[in-house]
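For reference, the structure discussed in these notes is given below.
The values are calculated or read from the model by the stated rules, or taken from the named source; none is laboratory data. Everything numeric in this text was worked out from a predicted model, so none of it was measured. Every residue, glycine among them, receives a Cβ derived from its backbone with ideal geometry; neighbour counts consider all protein chains shown. Calculation scope for accessible area: heavy atoms of the full protein, side chains included, ligands and nucleic acids excluded. Shrake-Rupley method; radii C 1.70, N 1.55, O 1.52, S 1.80 Å.
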Amino acid sequence: MRPLQPTRRALNAGAIAVAAIAAIGGCAAAFADQKVVKIGITLPFTGADAEDANLIKNGAMIAIDEANAAGGVAGYKVVPIIYDDGTATAGQYDPAQSATNAKKLISDPLVIANVGPQMSGSGKAISPILSEADLATITPSSTNPDITDPKMAGQFRPKGKAVYFRTVTTDAYQGPNMANYFKAKLNVKTVYILDDSGAYGVGLAGAFENQAKKIGIEVLGHDQLDPKEADYTTALTKIKALHPDALYYGGVAQAGVKLAKQAAETIPTMIKGGGDGVSGGSFLKGGGFPAIEGWYATNAGPHLTESQGAASFVKTFQEKYHSTPDDYSITAYDAAKVILAAVAEVAKSGKEMNRSNVRDAIQSSKVETLQGTVAFDQNGDILDRTVSVFQYRHDDKYPTDDITHQLKYLEAAPQS
């Protein structure tokens, strides 16, 4: 895995270059003359989820680099604008910083779409801002269903049109399908639930809990963890005394890493699982073996990195970044490919190359990608509902940070 600091230096250098290009533009005529489009990439490169953020960013960058190497898209050079929505203060993603970054993106008329965010808390912060500007974003990993729920459109898309698209499914499927897996495959009869108090964690844990109760799993309790606290002994001691068959955690790495390490000492033999917040390099590297051994995790999409169709992408990723991609590297690649296809469609139509027309093209797109045909419903959600299940099993034949070989794919979770 690449260290974070060189990545940050590269981002700073890229920001300077992008600023120089932006200074040339600024009006519709200049936009056409320069034949440049910009795509944002907004992810938490600071804090607990930086490892996963880099894997996602690198996936999107491969698509952009491929397009530029082929001469651009319909004559347009594609320039990435990369912003960090993590802060040292938060120790992870920071919704306030995400909102600031969204405002920076919409202030530049050359920005026609965005890849991101990684986290749903950031998604809730930026979606109404993007809606006002008709700027589409495609998230490769954020799964809270509220953002695209038509019942909450007034809050998250006040202008009406969908602007928040996904190349993964939502926690309305990820949480319930994992509950189904716990019951059908692991024979879990009782469970204790924890979440990290963030938008993603609360939503995921709640969706898991509702389905667990519906299918006859007894929920012995549900507590929240403060991700900034160091010691979760109180919660784990209570769980140990209740003897549930399993622990389910909804949340991301900041709390998840500490939970895994302490749970390994307090409840070492208990079945433990979570969502895509614990399925990635940040949890693998931060928690480490033996602490994370046996943990189950899900991805909100099909497993792709070991498929024949993705072999060329994986090889390119490894050669370029000297690390192993995960499935969300591929959903980020696919997100960028959808945006690039929309740019091509707008150019072909003869319409003005602006963010509204690109948004419309994304909404109606049917793009062949590494995960198959990506198409969206009217709310921006991907039509595919696959949820994949994995388990951490240490394999000493491979590097300990090799996510493909240390996080073993099991199967698709049973759908509700």
Q) Among the listed residues Leu242, Leu340, Leu236, Leu247, which satisfies the condition of being under 30 Å from Val367 (Cβ atoms) and hydrophobic (A, V, I, L, M, F, W, C)? A) Leu340
Q) Taking Gly280 and the conditions (1) closer than 19 Å to Asp395 by Cα; (2) at pLDDT 95 or above; (3) crowded, with 20+ Cβ neighbours inside 10 Å, which numbered condition does it fall short on, given that it satisfies the others? A) (2)
Q.
Checking the conditions here, which among Ala335, Ala311, Ala291, Ala300 is under 16 Å from the mean Cα position of the chain (by Cα) and either under 27 Å from Val79 (Cβ atoms) or open to solvent by 10 Å² or more (accessible area, probe 1.4 Å) (or both)?
A. Ala335
Q | Check on Asp134, of a type outside the set (Ser, Thr, Tyr) and either open to solvent by less than 10 Å² (accessible area, probe 1.4 Å) or under 22 Å from Gln415 (Cα atoms) (or both) | A | no
(Q) Name the single residue that is surrounded by the fewest Cβ atoms within 10 Å (Cβ to Cβ) among those in segment 138-189 being in a helix (DSSP H, G or I) and charged (D, E, K, R). (A) Lys151
Q.
For segment 237-279: of the residues being assigned to a loop (DSSP other than H, G, I, E, B) and touching a Ser or Thr at 6+ places or on another chain (Cβ under 9 Å), which is farthest from Gly121 (Cα to Cα)?
A. His243
Q) Identify, please: which residue in segment 342-363 is polar (S, T, N, Q) and more than 22 Å from the chain's Cα centre (by Cα) and is, among those, most open to solvent (accessible area, probe 1.4 Å)? A) Ser349
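For every residue, the table says whether it meets (1) of a type in the set (Val, Ile, Thr); (2) under 24 Å from Leu410 (Cα atoms); (3) modelled with pLDDT under 95.
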position	(1), (2), (3)
Ala184	no, yes, no
Tyr232	no, no, no
Ala260	no, yes, no
Thr266	yes, no, no
Met270	no, yes, no
Gly294	no, yes, no
Q. Out of all the residues in segment 190-230, which are among the aliphatic types (A, V, I, L, M), open to solvent by 10 Å² or more (accessible area, probe 1.4 Å) and over 30 Å from Pro95 (Cα atoms)?
A. Ile215, Val219, Leu220
**Q.** From Gln378, Gln318, residue being within 24 Å of Thr400 (Cα to Cα), of a type outside the set (A, V, I, L, M, F, W, C) and open to solvent by 40 Å² or more (accessible area, probe 1.4 Å)
**A.** Gln318
Q: Please go through segment 62-95 and pick out each residue that is outside any strand (DSSP E or B) and open to solvent by 30 Å² or more (accessible area, probe 1.4 Å).
A: Asp65, Glu66, Asn68, Ala69, Ala70, Gly71, Ala74, Gly75, Ala88, Thr89, Asp94, Pro95
Q. Since Ile193 meets every condition but one in (1) more than 18 Å from the chain's Cα centre (by Cα); (2) within 18 Å of Ile271 (Cβ to Cβ); (3) part of a helix (DSSP H, G or I), which condition does it not meet?
A. (3)
Q. Which of (1) assigned to a helix (DSSP H, G or I); (2) surrounded by 21 or more Cβ atoms within 10 Å (Cβ to Cβ); (3) not hydroxyl-bearing (Ser, Thr, Tyr) does Pro128 not meet, given it meets every other one?
A. (2)
Q | Residue check for His303: touching a residue at least 60 places away in the same chain (Cβ under 8 Å), within 26 Å of Asn180 (Cβ to Cβ) and not hydrophobic (A, V, I, L, M, F, W, C) | A | yes
